[in-house]
1. Once the piece of chain linking Val71 and Thr93 is laid out straight, how much longer is it, given 0.36 nm per residue of separation minus the C-alpha distance between them?
2. Can you tell me what percent of all Cα-Cα pairs in segment 4-85 are more than 19 Å apart?
3. Can you tell me which of 152-163, 135-146, 44-55, 7-18 comes out highest on packing, and rank the rest after it, using the mean Cβ neighbours within 10 Å?
4. Which value, in Å³ per residue, describes the convex hull spanned by the Cα atoms of segment 120-164?
5. Give me the accessible area per residue for the chain, probe 1.4 Å, as a whole number in Å².
6. Quick check: pseudo-label points 7 Å beyond the Cα along Cα→Cβ at Phe15 and Val210, how many nm apart are they?
7. Find the relative contact order for the chain and round it to a whole percent, using C-alpha pairs within less than 8 Å whose residues are 6+ positions apart.
8. Would you mind telling me which residue in Ile119, Ile180, Ile98 has the biggest mean-square fluctuation in a Gaussian network model of the chain, where springs connect alpha carbons within a distance under 10 angstrom?
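The values are calculated or read from the model by the stated rules, or taken from the named source; none is laboratory data. None of these values were measured; they are calculated from a predicted model. Glycine gets a Cβ as well: all are built from the backbone with ideal geometry, and neighbour counts include every protein chain shown. When the accessible area is computed, the model is the full protein with side chains, heavy atoms only, and any ligands, DNA or RNA have been set aside. Shrake-Rupley method; radii C 1.70, N 1.55, O 1.52, S 1.80 Å.
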Amino acid sequence: RQSIQLPHTLALIFFSLTIVTILTWFIPAGAYQRITYQDDRILVVEDSFQFIDNNPQGLFALLKSPIKGFVQAAHIIGFIFIVGGVFGIIYKTKVIDISILHLARKFAGKEIVIVPVGIIIFSLFGAVFGMSEEVIPFVLIFIPMALALGYDSIVGVAIPFFGAGLGFAGAFLNPFTVGIGQGIAELPLFSGVLYRIIIWLILTAVGIIVVMRYAAKVKKA
């Protein structure tokens, strides 16, 4: 029995664009008034929505829409390519793996330090370049390390997986969340970074406390 496979990502995107293009013929068009501020921010005026004449889109507009999207989001796309390339190089050189093993040897006899240090590192990765599914290989490293240090597999999974999740949730430079979101909202790229750094610090600190309390209970058992 063959498993059901989803279509390719590009096929799903093109299908979504096609649906949106068709809907332009049926859904009434509308627009908001906008104000441009001195810092080049363009904000919507509250309660300014009004219906306008429909502008149905055809096949030519459908085919041009990806190119227009690339042009309008070029700064975000470029940043994602650069960050992704840098992480790809780091991952291929195994420098993260070597650094983790070096920390494990350096803090031998101080096992409890591994938990906060590891969570901070992976939280930083999640906050800066959106590390998410990339943590899977590191779980295979941290589980045996945690077992060797006297903890259980949950601690081994929590350090990279939970740490990256905390960073992703409280990201301050993540191009996949902050960059795209601010681009859609027409805000200056990565503005308000100080506030998000504070949120990231709070989330990471709370996560460290939770994991360390659990790790201490496992150690005593």
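1. Full extension from Val71 to Thr93 adds 4.6 nm.
2. The calculated P(r) of segment 4-85 puts 63 percent of pairs beyond 19 Å.
3. 152-163, 135-146, 7-18, 44-55
4. 53
5. Details: 14730 Å² over 221 residues.
Averaged over the residues of the chain, the accessible area is 67 Å².
6. The two pseudo-label positions are separated by 3.5 nm.
7. 17
8. Its mean-square fluctuation being the largest, the pick is Ile98.
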